[in-house]
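K.L.:
First the structure, which I've put down as structure tokens, then a few questions once you've had a look.
The values are calculated or read from the model by the stated rules, or taken from the named source; none is laboratory data. Note that the structure is a prediction, hence the values are computed from the model and not measured. Here the Cβ positions follow ideal geometry from the backbone for every residue, glycine too, while neighbour counts run over all protein chains shown. Accessible surface is based on the protein model in full, side chains and every heavy atom, while ligands, DNA and RNA are left aside. Shrake-Rupley method; radii C 1.70, N 1.55, O 1.52, S 1.80 Å.
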Amino acid sequence: MSDCVRVVEVALRDGLQNETTVLSTQSKLALIDALVRARLGDIEVTSFVSPKLIPQLADAFDVASRLPDVRGVNFSALTPNAVGVRRARRAGLSHVAVFLSASRTHNLKNLHRTTEASLDLYRSLFSEGLLSGLHVRGYVSTVIGCAYEGDIAPGPVVELAEALLDMGCAEVSLGDTIGVGSPRLVRELVKAVASACPVERLALHLHDTRGLALANALAGLEAGIRIFDTSIAGLGGCPFAPGATGNLATEDLAWALAREGVETGLDLDLLWEAGVMAARLVGRPLPGKVHQAGVRYRPERV
Ligand code: MG
């Protein structure tokens with residue numbers, strides 16, 4: 001098992017879709033530049049969903065088609081259907097992501113179809129060749145608990161992760177969407193999913209709703225996970241939008257892993273600067289701990 005961790009930056013998508021402030025395309029591209037400078041190698045930049053549903057990401061095509069041409073950086077976008085995949089391709093993206101929920105009710109509310117229908121849809125995108133040549137990530141959300149259904153057992157999550165990998169997804173990101181996991185629950189979940197899927201193809205997508213995201217990430221690390229989704233400075237989850245809460249902050253994970261002697265390849269000073277830019281752009285203080293504390297006391301290994 002490699003001791004290198006890959007961090008997938010999701011502030012531009014998962015963060016911004018939960019902010020009330022709508023950033024200009026130019027501001028988003030400036031933030032993306034700052035994240036690239038901080039050496040993030042995987043950046044989710046937008047989602048090709050209906051602008052009516054998520055007006056914050058209405059400029060998906062503009063953002064995706066104006067990305068910097070930097071070697072070694074994977075830019076990706078969420079694509080809920082064939083239209084989204086075609087638009088992502090036309091914009092020049094090589095990485096896309098499909099998503100579904102382990103909670104039936106959450107899937108119905110969020111995607112207006114059953115979880116099985118979502119699986120069938122994504123399977124058809126693969127079989128019809130729409131996803132050929134693309135790196136496809138599969139997201140499973142509400143893997144530990146759901147606001148509508150309560151606790152989610154690992155069993156269905158294992159089946160969904162397996163199905164997504166079987167149909168052609170390169171990796172599966174397991175999302176604690178509403179932040180109800182604990183280290184014990186994360187360990188149990190990872191153990192269950194890793195019994196059916198290669199652990200190196202699994203990511204953890206943790207929200208800090210109840211303050212346990214970093215503890216959960218470290219539990220996931222111990223259980224073998226080496227890919228984590230984070231959001232710069234904890235962007236996302238406007239305090240005025242109840243129920244919307246931010247992802248684990250990129251700087252917090254990077255700092256903790258550096259202290260633990262785990263390599264991320266990230267530049268903590270430049271990450272911090274990107275977080276300052278993010279806070280300025282959305283016009284509110286952001287919740288990341290390292291973002292707030294600063295990096296003056298910094299571990300040698302960063
Ligand atoms: Mg999320």
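K.L.:
Within segment 62-74, take every residue that is without any contact (Cβ under 8 Å) to a residue 40 or more places away in the chain and under 19 Å from the mean Cα position of the chain (by Cα) and give me the one that is surrounded by the fewest Cβ atoms within 10 Å (Cβ to Cβ).
P.N.:
If we take residues in segment 62-74 being without any contact (Cβ under 8 Å) to a residue 40 or more places away in the chain and under 19 Å from the mean Cα position of the chain (by Cα), then Gly72 is surrounded by the fewest Cβ atoms within 10 Å (Cβ to Cβ).
K.L.:
Another question about this same structure. Limited to segment 209-229, what total is found for residues that are open to solvent by 20 Å² or more (accessible area, probe 1.4 Å), within 16 Å of the ligand (Cβ to nearest atom) and part of a helix (DSSP H, G or I)?
P.N.:
1
K.L.:
Name the pairs whose Cβ atoms lie under 8 Å apart, with the first residue in segment 1-28 and assigned to a strand (DSSP E or B), the second open to solvent by 60 Å² or more (accessible area, probe 1.4 Å) and away from the ligand (no atom under 16 Å from the Cβ), and 6 or more positions between them or separate chains?
P.N.:
Matching pairs, first to second residue: Cys4/Glu263.
K.L.:
Follow-up. How many residues does segment 279-290 hold that are more than 10 Å from Glu19 (Cβ to Cβ) and either of a type in the set (Gly, Ala, Ser) or not in a loop (DSSP other than H, G, I, E, B) (or both)?
P.N.:
Result for segment 279-290: 5.
K.L.:
Now, a different point. What's the number of the only condition in (1) under 18 Å from the mean Cα position of the chain (by Cα); (2) acidic (Asp, Glu); (3) more than 17 Å from Glu9 (Cβ to Cβ) that Asp208 fails to meet?
P.N.:
(3)
K.L.:
Please specify each residue of segment 1-22 satisfying the condition of being acidic (Asp, Glu) and open to solvent by less than 60 Å² (accessible area, probe 1.4 Å).
P.N.:
Glu9, Asp14, Glu19, listed by residue number.
K.L.:
Name the single residue, out of those in segment 2-19 being of a type in the set (Val, Ile, Thr) and within 12 Å of the ligand (Cβ to nearest atom), that is nearest to Ile227 (Cα to Cα).
P.N.:
Residue satisfying both the conditions and the ranking: Val8.
K.L.:
Also, I was wondering about something else. Mind listing whichever residues of segment 146-192 are assigned to a loop (DSSP other than H, G, I, E, B), within 16 Å of the ligand (Cβ to nearest atom) and open to solvent by less than 10 Å² (accessible area, probe 1.4 Å)?
P.N.:
Gly179, Gly181
K.L.:
Please specify each residue of segment 112-122 satisfying the condition of being over 21 Å from Ala170 (Cβ atoms) and hydrophobic (A, V, I, L, M, F, W, C).
P.N.:
If the condition is that a residue be over 21 Å from Ala170 (Cβ atoms) and hydrophobic (A, V, I, L, M, F, W, C), then Ala117 is the only one that fits.
K.L.:
What's the number of the condition Glu19 fails, among (1) under 12 Å from Leu281 (Cβ atoms); (2) more than 16 Å from the chain's Cα centre (by Cα)?
P.N.:
Result: Glu19 passes all but (2).
K.L.:
May I pose another question? What do you reckon, is Ala30 open to solvent by less than 10 Å² (accessible area, probe 1.4 Å), farther than 17 Å from Asp229 by Cβ and more than 17 Å from the chain's Cα centre (by Cα)?
P.N.:
no
K.L.:
Could you give every pair whose Cβ atoms fall below 8 Å, whose first residue belongs to segment 166-190 and is in contact (Cβ under 8 Å) with a residue 24 or more places away in the chain and at positive phi, and whose second residue is surrounded by 17 or more Cβ atoms within 10 Å (Cβ to Cβ) and among the aliphatic types (A, V, I, L, M), counting only separations of at least 6 or pairs across chains?
P.N.:
Sorted first by the residue in segment 166-190, then by its partner, the pairs are Gly168/Leu131; Gly168/Val136; Gly179/Leu206; Gly179/Leu212; Gly179/Ala213.
K.L.:
Which of the residues that make up segment 81-97 are open to solvent by less than 20 Å² (accessible area, probe 1.4 Å) and touching a Leu at 6+ places or on another chain (Cβ under 7 Å)?
P.N.:
Val85, Val96, Ala97, listed by residue number.
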